[in-house]
Amino acid sequence: MRATFTQEQLEIAKTVRSLVEGEGVTARTALDDGWRAPACDGPLLRDFGLLGVPERAGGIGSDLIDLLVAVEVLGEHLVPSRFPAHAAAVQLLSAAPLPEDVLSGERVLTPAMDALVRFAAQADGLAVHRPDGVGIAVAEAVVARQSLDPSVPLSDVTLAAPEALTPAGTGPWRAVLVVAAELCGVAQGAIDLAAEQARTREQFGRVIGSYQGVAFQLAEAATARKAAWDLTLYAGWAVDNDRPDAQLQVHAAKAAAGRAAVFAAERCIQVHGGMGITMEADPHLFLRRALVLDAVLGSGAAHRRRVGALRVQARSASS
Amino acid sequence: MRATFTQEQLEIAKTVRSLVEGEGVTARTALDDGWRAPACDGPLLRDFGLLGVPERAGGIGSDLIDLLVAVEVLGEHLVPSRFPAHAAAVQLLSAAPLPEDVLSGERVLTPAMDALVRFAAQADGLAVHRPDGVGIAVAEAVVARQSLDPSVPLSDVTLAAPEALTPAGTGPWRAVLVVAAELCGVAQGAIDLAAEQARTREQFGRVIGSYQGVAFQLAEAATARKAAWDLTLYAGWAVDNDRPDAQLQVHAAKAAAGRAAVFAAERCIQVHGGMGITMEADPHLFLRRALVLDAVLGSGAAHRRRVGALRVQARSASS
Amino acid sequence: MDFDDSDTDLAFRREVRDWLDEALRDVPDQEDLSQEQREHWSRVWQDRLCAGNWAGLSWPAEHGGRGLDSFAQAIFNEEAAVRGAPYPLNGVGMMLAGPTIIAHGTREQQARHLPGILRGDEYWCQGFSEPGSGSDLASLRTAATKVDGGWLVNGSKIWTSNAHNASKCLLLARTDAAAPKHQGISYLLAPMDRFTVRSLVMINGDTEFNEMFLDDVFVPDEDVLGGVGNGWKVALTTLAFERGSMALNLWVWARQAVDRVIDVALERGVVDGDGGGDTAFLDTVGQLQCDAEAVRIGSMRMLGEARAGGVPGPETSALKSLWAGVVQQANRLAVQLDDGGGVLLDGPGAAARMRRYLRARAHTIEGGTEEVQKSILAERVLHLPRSR
Amino acid sequence: MDFDDSDTDLAFRREVRDWLDEALRDVPDQEDLSQEQREHWSRVWQDRLCAGNWAGLSWPAEHGGRGLDSFAQAIFNEEAAVRGAPYPLNGVGMMLAGPTIIAHGTREQQARHLPGILRGDEYWCQGFSEPGSGSDLASLRTAATKVDGGWLVNGSKIWTSNAHNASKCLLLARTDAAAPKHQGISYLLAPMDRFTVRSLVMINGDTEFNEMFLDDVFVPDEDVLGGVGNGWKVALTTLAFERGSMALNLWVWARQAVDRVIDVALERGVVDGDGGGDTAFLDTVGQLQCDAEAVRIGSMRMLGEARAGGVPGPETSALKSLWAGVVQQANRLAVQLDDGGGVLLDGPGAAARMRRYLRARAHTIEGGTEEVQKSILAERVLHLPRSR
């Protein structure tokens, strides 16, 4: 059916959700003790590695949206898994056949496309984007940096020359969309947490969600999140189907998703009042993840400006 | 007393208010039948012409703020008087002695500083700003334009060479502040009208002002208007007292006043619901005046950008 | 998830395109016309739709329609909108009256009222809102008093589009003053020959809406739709059709608003054709484009859900809100970029730009205010308690 | 209206400047310090204020103060703030406890509590908020039970600055559970030796606030301030002093936030020293500058009204709201302009920038939430009905 999730996509979301809902290793764990792999990390890398991988890359005909749906759920729960980074790396390389051990999740990759390399010390290789193509490289040196969100470790990486380069194709755009999908999840998680607070916290004898001053800011967050998710899904389809507007849609998705996530996390803090600015409440965990992912693979602000420039170009060319 | 209105300024506001409150010729009149002089036009030009005029220009030591206070009241009531334009013209020329008939209000001037010349057909002369000074010129030709706000007629003007030029000094800044003050009044008038509606209109069994969704947008408008008015008053003082930050403050006042007035008028329409988008209700009269004055003597957007540039320059120079 | 036309949809879209290209050949760009001219072309366009058998596109075949679904209607409207086709003068009849009468009417009511819509000689209007009941629709006071064989209706209605052209009205009236607010209302299919219609001038000068005054208007018993006292339920059906029909046009208008502000910026040299220039403008257009596209994609998803058997959910409030925001911001910016801040209305294109800006102020009021949309999202998406 | 110092004010300002320049000679820039170091300097600074006879600047001479007005206090704080002086560790004592005890205390209470503040050996903290009563302060539940010679207090308090350094607490407790919400509260001057204090870690890692747990804390009868059951009225006095004291610092912090975001932009080449460059940034800074200046000017007008005999009105809510907006936006933008979006905390200056951004999220919560400020403006400036 047009413009609706397939039964399979609904199943993917459900499966990932049940996989992560009991997870004991969380963003909170990482904040306290540093990153370690959550229990779901292995199953995700092993069992979901072919999601969104085109047949040309060794996949089995899964749509990119299948992957985005899975990653969105991980974002909602702030799961500190390497899966989204690995999946982004796989997507970066997906214009050409991928090694078997990468597809099977035995060899974990992470994209090294800009200064913010996630999970470099926790990955087996890096997917790099050079002017003349994409490829896998190993790190000669990894220097851990202090990440705002310790559940997403960041490093400076010195790279060896990549093994071999293959054409990038739409790989870079596909990688960006994986980040956009996680951001949409982060926005949703922050909104869910804020709405729960608004439904239960009482002030002046009423739950605060009954005040439009509180309710309307969450309605705005929900609107921004829906816009971002719709843009992300559409961009996934547009890239998968080589639509002429694919690039514009990818930039729009990343811009909108970052904005929605940061806004939702800030609103989540606000709705929590005093507790929202304490370490012990959870809202700041969403803000940390939102800010890190908004910065990864091109800042939301840069993507937004690119949308503007491309839209102006397109209009100018058509008239 | 520091940073408070003088007794005289409070009296000026009161006097102008009583002068205009019974006025039969309004912005509405002009919309229906074209501009004509309100009854208060003569008294304003005659009795208030020395407000804000420095002694060097022939004044009697009135502060610029005295004039701003008077003009603000005219803005609140959308009075279609030539007085604000005349006063702005006088201020433009105020670095040098002004002719007696101008100060007495017998000869009505209007500033011709950009493409939006107000009341050209209704004035006896134009105050012009040239690179080498300011002066009075007569119009060789006046072609009426269609003004969004017919209570502020606009024209294309062909000017004769000015009689004589005198140094501009701070005249152009002073003229801009007269417009800013009127905009602050427009904002206040729109807020008053909106609040009255919010206090009386009922929906779902309560007056709509008891919904934070309605109340908060008016609180935001009131905050923006207070900021604009404080900036305008301060800028008036800064210019009168040759403060080094005077230019920055003038740009800030005009930017903030235009923004506050347009925002307040749009909120006034919104709070009026369906009636707000009809000609027969008054909110659109505030929007018309706000948009015209925001555009006059440099758009609010241009002034805002100039504030940014000057602030960056100042910071760069100081560090 | 797939955003492409199915083969059937694509074939239909081609048929629509061919017909539209032909039918629009002599129709001028509506943007440049006076309101009278626009109304003339709306009437001509309605006639052509009826003649071309497009009026009952999504009505079941047994009622004279083509039996297609709202998706097909969306395709038709989308293709019409991108071509700048006139707005059909009997939109209320085709999109609201017809479907509501099909859903709730008796065979007799259907036989009496549907053919006129398809023939194009009976125009409908909607008499729901009243001066005292804006967002709080159910507080309406127009009273219907029982008389022999029917009801005598007295009261007034407001915000009625096209009242001066319509001969029939979807009329909500209170038939039981003692019953609770939502239960004393009936839905009447009222003849309009005894309505007094007064046009309302909008702030942009258009007379798109009307007030209607009802003084002892008689409505026979057989024109109560859905049963006496069931009017609120029937009205909700109409409002759902109204919300559903939003998806058919909104995104095109949003895109066109963005197109137009870019055109002004290009003309004024704010940006160049390579996408260089004022970064503040590029940032703004970037955001407007995101939101406008989100309306388009959200509309597609809503239609997809509808075809899959769902009903338009509260998410339509998010689309309405996004749409209103895009159009208001783009139209405000277009005015501000204009020479002299757009306030010289006799400047080239200035009057049309200002008309659109002023018209857009209504977008956060009509069809459910911005405040109502946010309340709906808060209550039905976020499950917060009622805040009004 | 005149925004200049009077001759007297100017003379005082010169005295303040001279003293500050000397007293700050060995004090490092607080921005670069750890929280422990900042606290150390706060203590040192408090000692210097007491030694220099600045602690009771605006207290009447009969209570050991200098007998100047809040305008003078504003001059002092302004000059201290622009020089980046530490925040004095007993701000609550000097600005809230002292003035409230002077306003409502008996001679005995004044004699018992004021000298320690001026000497600098008794620090105060404020025990108003509770976990269950945030914006709705009067719903507090901490209970005081009458016992022989005083009250036994049980409950918990939260958001207390400086509790771990304080020996005395401005404590609100419910002394009559049966009385209406606002009438059963008393204001106690409580010794803190039996309070349990737990520090709260804020989202930026600082431990600026504390929770306090009270388990049978005894407060003698003679330390009820303003009479049993009158606590709400006395608390309003303290809150008014708190609001009034806002004008003393807020604008400096707003200006510094704008300074810092410009510094980042200059460093990153977003703009150049001539004010050219990214127009989006210039637009934003233009707006931030307008709002920051409005806080400064509004504060001056508020102080002027106070000197003329008025009390700080609801307009202070507008200043608080503007201030919070400026600081939040400027600090967010500074982070976003940083390399890597500011999320690499070990980058040059990055940790401090992120700390400020995160800290600023609290500005729309502490000291009356943004929602409360807007409610106050709606009710008291616009005269709309109560919406909470």
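The values are calculated or read from the model by the stated rules, or taken from the named source; none is laboratory data. These numbers were taken from a predicted model, which means no experiment stands behind them. Quick reminder, even Gly has a Cβ in these numbers, built from the backbone with ideal geometry, and neighbours come from all protein chains shown. Heavy atoms of the whole protein, side chains included, go into the accessibility calculation; ligands, DNA and RNA do not. Shrake-Rupley method; radii C 1.70, N 1.55, O 1.52, S 1.80 Å.
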Subset tally (residues that are aromatic (Phe, Trp, Tyr) and within 11 Å of chain C (Cβ to nearest Cβ)) for segment A:176-212: 1
D:Ala80 open to solvent by less than 20 Å² (accessible area, probe 1.4 Å) and out of contact with any strand residue (DSSP E or B) (no Cβ under 9 Å at 6 or more places or on another chain): yes
Single residue of segment C:305-321 satisfying the filter (facing chain A (nearest Cβ under 9 Å), touching a residue at least 40 places away in the same chain (Cβ under 8 Å) and of a type outside the set (S, T, N, Q)) that is nearest to C:Arg268 (Cα to Cα): C:Leu319
Out of D:Glu293, D:Glu315, sole residue that is modelled with pLDDT under 95, under 30 Å from B:Ala3 (Cβ atoms) and among the acidic types (Asp, Glu): D:Glu315
Qualifying residues in segment C:209-236 (those that are open to solvent by 30 Å² or more (accessible area, probe 1.4 Å) and in a helix (DSSP H, G or I)) - the one nearest to C:Trp151 (Cα to Cα): C:Asp221
Those residues of segment B:21-42 which are buried (at least 17 other Cβ atoms within 10 Å of the Cβ) and over 28 Å from C:Gly205 (Cβ atoms), in sequence order: B:Cys40
Segment B:213-248, residues that are open to solvent by less than 30 Å² (accessible area, probe 1.4 Å) and facing chain D (nearest Cβ under 7 Å): B:Ala215, B:Phe216, B:Leu218, B:Ala219, B:Ala222, B:Thr223, B:Ala227, B:Asp230, B:Leu231, B:Leu233, B:Tyr234, B:Trp237
Hits in segment D:56-97 - residues which are free of Cβ contacts under 8 Å to residues at least 40 places away in the same chain and closer than 12 Å to D:Val16 by Cβ: D:Leu57, D:Arg66
Output for segment D:332-346, where each listed residue is assigned to a helix (DSSP H, G or I) and open to solvent by 10 Å² or more (accessible area, probe 1.4 Å): D:Arg332, D:Leu333, D:Gln336, D:Leu337, D:Asp339, D:Gly340, D:Gly341
Checklist (1) surrounded by 18 or more Cβ atoms within 10 Å (Cβ to Cβ); (2) within 14 Å of chain A (Cβ to nearest Cβ); (3) out of contact with any helix residue (DSSP H, G or I) (no Cβ under 9 Å at 6 or more places or on another chain) applied to C:Gly277, failing item: (3)
Qualifying residue in segment A:227-242 (condition: under 30 Å from A:Leu98 (Cα atoms), assigned to a helix (DSSP H, G or I) and of a type in the set (S, T, N, Q)): yes
Residue that is nearest to the other protein chains (Cβ to nearest Cβ), among those in segment A:123-141 that are among the β-branched types (Val, Ile, Thr) and crowded, with 19+ Cβ neighbours inside 10 Å: A:Val128
Members of segment A:1-12 that are of a type in the set (A, V, I, L, M, F, W, C) and either open to solvent by less than 20 Å² (accessible area, probe 1.4 Å) or touching a Lys or Arg at 6+ places or on another chain (Cβ under 9 Å) (or both): A:Met1, A:Ala3, A:Ile12
Criterion (small (Gly, Ala, Ser) and either open to solvent by less than 10 Å² (accessible area, probe 1.4 Å) or in a strand (DSSP E or B) (or both)) met by exactly one of D:Ala177, D:Ala166, D:Ala190: D:Ala190
Residue ID - modelled with the lowest pLDDT, chosen from residues in segment C:127-152 that are touching a Phe, Trp or Tyr at 6+ places or on another chain (Cβ under 7 Å) and within 14 Å of another protein chain (Cβ to nearest Cβ): C:Asp136
Residue match in segment A:155-168 (condition: open to solvent by 10 Å² or more (accessible area, probe 1.4 Å), in contact (Cβ under 8 Å) with a residue 60 or more places away in the chain and within 14 Å of chain D (Cβ to nearest Cβ)): no
Exclusive hit being in contact (Cβ under 8 Å) with a residue 60 or more places away in the chain and either in contact with a strand residue (DSSP E or B) (Cβ under 8 Å, 6 or more places away or on another chain) or over 16 Å from D:Asp223 (Cα atoms) (or both), set D:Ile117, D:Ile185: D:Ile117
Check on B:Leu297, outside any helix (DSSP H, G or I) and within 30 Å of B:Ala95 (Cα to Cα): yes
Unmet criterion (only one of (1) more than 22 Å from C:Arg307 (Cα to Cα); (2) part of a loop (DSSP other than H, G, I, E, B)) for C:Val44: (2)
Count of segment C:91-137 residues which are over 27 Å from C:Glu370 (Cβ atoms), assigned to a loop (DSSP other than H, G, I, E, B) and charged (D, E, K, R): 2
Residues satisfying the stated conditions in segment D:249-260, i.e. open to solvent by less than 10 Å² (accessible area, probe 1.4 Å) and farther than 15 Å from D:Arg359 by Cβ: D:Val252, D:Val258
Unmet criterion (only one of (1) at the interface with another protein chain (Cβ under 10 Å from one of its Cβ atoms); (2) under 24 Å from C:Glu130 (Cβ atoms); (3) open to solvent by less than 10 Å² (accessible area, probe 1.4 Å)) for C:Ala324: (1)
Tally, over segment A:272-302, of residues that are open to solvent by 10 Å² or more (accessible area, probe 1.4 Å), more than 7 Å from every other protein chain (Cβ to nearest Cβ), of a type outside the set (D, E, K, R) and in contact (Cβ under 8 Å) with a residue 12 or more places away in the chain: 5
Those residues of segment C:347-368 which are assigned to a loop (DSSP other than H, G, I, E, B), facing another protein chain (nearest Cβ under 9 Å), within 22 Å of C:Asp291 (Cβ to Cβ) and open to solvent by less than 30 Å² (accessible area, probe 1.4 Å), in sequence order: C:Ile365
Test: residue in segment C:201-208 that is assigned to a loop (DSSP other than H, G, I, E, B), within 14 Å of chain B (Cβ to nearest Cβ) and open to solvent by less than 10 Å² (accessible area, probe 1.4 Å): yes
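Conditions (1) surrounded by fewer than 19 Cβ atoms within 10 Å (Cβ to Cβ); (2) touching a helix residue (DSSP H, G or I) at 6+ places or on another chain (Cβ under 6 Å); (3) closer than 25 Å to D:Asp2 by Cα, marked per residue:
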residue: D:Gly273; (1), (2), (3): yes, yes, no
residue: D:Thr284; (1), (2), (3): no, no, no
residue: D:Leu288; (1), (2), (3): no, yes, yes
residue: D:Ala292; (1), (2), (3): no, yes, yes
residue: D:Ser299; (1), (2), (3): no, yes, yes
residue: D:Gly304; (1), (2), (3): no, no, yes
Among the residues listed as B:Ala112, B:Ala95, B:Ala89, B:Ala121, the single one being at pLDDT 95 or above and farther than 20 Å from B:Ser147 by Cβ: B:Ala95
Residue identified as open to solvent by 20 Å² or more (accessible area, probe 1.4 Å), of a type in the set (D, E, K, R) and facing chain D (nearest Cβ under 10 Å) among A:Arg305, A:Arg259, A:Arg315, A:Arg267: A:Arg305
